[in-house]
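The values are calculated or read from the model by the stated rules, or taken from the named source; none is laboratory data. For clarity, every value in this text was computed on a predicted model and none was experimentally measured. So basically every Cβ, Gly included, is an ideal-geometry build from the backbone, and we count neighbours across all protein chains shown.
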Amino acid sequence: MHTAKIARDGSFTLAERSAPEARVGHSVVFVEAAGIGPTDLMRAKGFFGPVEADYVPGGEGIGRLANGERVYFGHSVPPFGSIAEQTLVADSEIWPVPAGLDHDQVIALAISGTGALIPLEEARIQPGEEVLILGATGPVGQIALQIARILGAGRVVAASRNAAKLEALHTDGLADAVALIGQDDDEAALKASSTRGFDVVLDVIYGPPAEAAMRATVLGARMMSIGVQAGQTVTLSLRDLVFRSHVGVGTGQRPAIERRAAYDRLMDMALNRGLRADTVRFPFSSAAEAWAAQAGSPYGKIVIDVGNRKTPA
């Protein structure tokens, strides 16, 4: 079958590979479209451990089972992955695709949406609270702006280093105000965008911007951190943390039943509350370009149209 491949040195190429075979508790999915994200690049770079053998990148996608049912899957079984004509997935990770949603939206909202939904739910946003989305122009941030509003936020602020994308979020009504960070003084920029200080912060990037965000919060604030694109450490004094909470929230390794429930809530929001995300689609022949685009911090979910050249019998 046609597939992408990550070699032991972390390089990305297109290749041929034997198709997977179904086994107890697992099914073969005939892939129509694959999603990629930051964790796929981190794995290829050895962030989760050395790359000891060639493997197919990508874990999530849309495809069909042997009976023709159209499904979403989030965790392919290594060494198989979603950027291939077929992949192998545990049955607990195979979920139905609701009618009425394009496959790129389902892929964008599933893992990226879970990354926004779970921490914002755990922050327990109260009606009227002011919420900051730090790193708002990427897929998770875009989704989080909308979810914060759905959960009852009274005012939602988007922060990022991309002025043009921030302005688009403001113009489209996704953000009540914006803060351009990465300039001279992030703390001042964040405080200027708030009316009185933030009650909740969803931090997608961590590092120094997260430090500035915490100092722009009010007493009783909750900051939920889920990414490390801007740095893997923060330095905060006890004074910064008094009467505030800072929680690192992981979503990808939670039990499948919990992630499935979040997926169902996200699909309902998409169908009934207008939840959506920007996507960037590539044909399978341009998968290497898609991989490079992901490395360049895209401002939309990268989706590869695999094409499903081989269909279920």
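Are any residues in the stretch 34-44 without any contact (Cβ under 8 Å) to a residue 60 or more places away in the chain and either assigned to a strand (DSSP E or B) or in contact with a Gly (Cβ under 7 Å, 6 or more places away or on another chain) (or both), and if so, which ones? Of everything in the stretch 34-44, just one residue is without any contact (Cβ under 8 Å) to a residue 60 or more places away in the chain and either assigned to a strand (DSSP E or B) or in contact with a Gly (Cβ under 7 Å, 6 or more places away or on another chain) (or both), namely ALA44.
Taken as a whole, the stretch 157-174 holds no residue that is modelled with pLDDT of 95 or more, over 30 Å from GLY274 (Cβ atoms) and not polar (S, T, N, Q). Taking first residues from the stretch 8-27 that are assigned by TED's automatic domain parsing to the domain that holds LEU41 and within 13 Å of ASP54 (Cβ to Cβ) and partners that are exposed (fewer than 14 other Cβ atoms within 10 Å of the Cβ) and of a type in the set (D, E, K, R), the Cβ contacts under 6 Å between residues at least 6 apart in sequence or on separate chains come to GLY10/LYS45.
Residues of the stretch 284-293 include none that is crowded, with 19+ Cβ neighbours inside 10 Å, at pLDDT 95 or above and in a loop (DSSP other than H, G, I, E, B). Within the stretch 253-284, being within 28 Å of ALA90 (Cα to Cα), without any contact (Cβ under 8 Å) to a residue 60 or more places away in the chain and of a type in the set (S, T, N, Q) holds for one residue alone: GLN253. Counting only strands (runs of 3 or more DSSP E) wholly contained in the stretch 147-259, the ones carrying 1 or more residues that are outside the structural domain of GLU60 (by TED's automatic domain parsing), among the basic types (Lys, Arg) and in contact with a strand residue (DSSP E or B) (Cβ under 6 Å, 6 or more places away or on another chain) occupy 155-160, 217-225. Looking across the stretch 45-66, the residues that are farther than 15 Å from GLU32 by Cα, part of a loop (DSSP other than H, G, I, E, B) and touching a Pro at 6+ places or on another chain (Cβ under 9 Å) come down to ALA53, ASP54, VAL56. Every test in (1) at pLDDT 95 or above; (2) surrounded by fewer than 17 Cβ atoms within 10 Å (Cβ to Cβ) is passed by ALA53 save one, and that test is (1). Whenever a residue of the stretch 181-197 is acidic (Asp, Glu), its partners that are in a loop (DSSP other than H, G, I, E, B) and modelled with pLDDT of 95 or more, lying with C-beta atoms within less than 9 angstrom and at least six residues away or across chains, give the pairs ASP186/ALA216; GLU187/ARG215; GLU187/ALA216.
Picking from THR137, THR114, which residue would you name as being closer than 26 Å to ILE62 by Cα and not in a helix (DSSP H, G or I)? Give the steps one after another, and end with the answer.
Numbers: THR114 fails: not in a helix (DSSP H, G or I).
None of the others qualify; the one that does is THR137.
For the stretch 8-33, the set of residues classified as in a loop (DSSP other than H, G, I, E, B) and surrounded by fewer than 20 Cβ atoms within 10 Å (Cβ to Cβ) consists of ARG8, ASP9, GLY10, SER11, ARG17, SER18, ALA19, GLU21, ALA22, VAL24, GLY25, listed by residue number.
Does ALA313 meet the test of being over 26 Å from LYS165 (Cβ atoms) and modelled with pLDDT under 95?
On the way: over 26 Å from LYS165 (Cβ atoms): yes; modelled with pLDDT under 95: yes.
Criteria met by ALA313.
Do we find a residue being surrounded by 14 or more Cβ atoms within 10 Å (Cβ to Cβ), of a type in the set (S, T, N, Q), over 18 Å from the mean Cα position of the chain (by Cα) and outside any loop (DSSP other than H, G, I, E, B) anywhere in the stretch 264-282? There is no residue in the stretch 264-282 that is surrounded by 14 or more Cβ atoms within 10 Å (Cβ to Cβ), of a type in the set (S, T, N, Q), over 18 Å from the mean Cα position of the chain (by Cα) and outside any loop (DSSP other than H, G, I, E, B).
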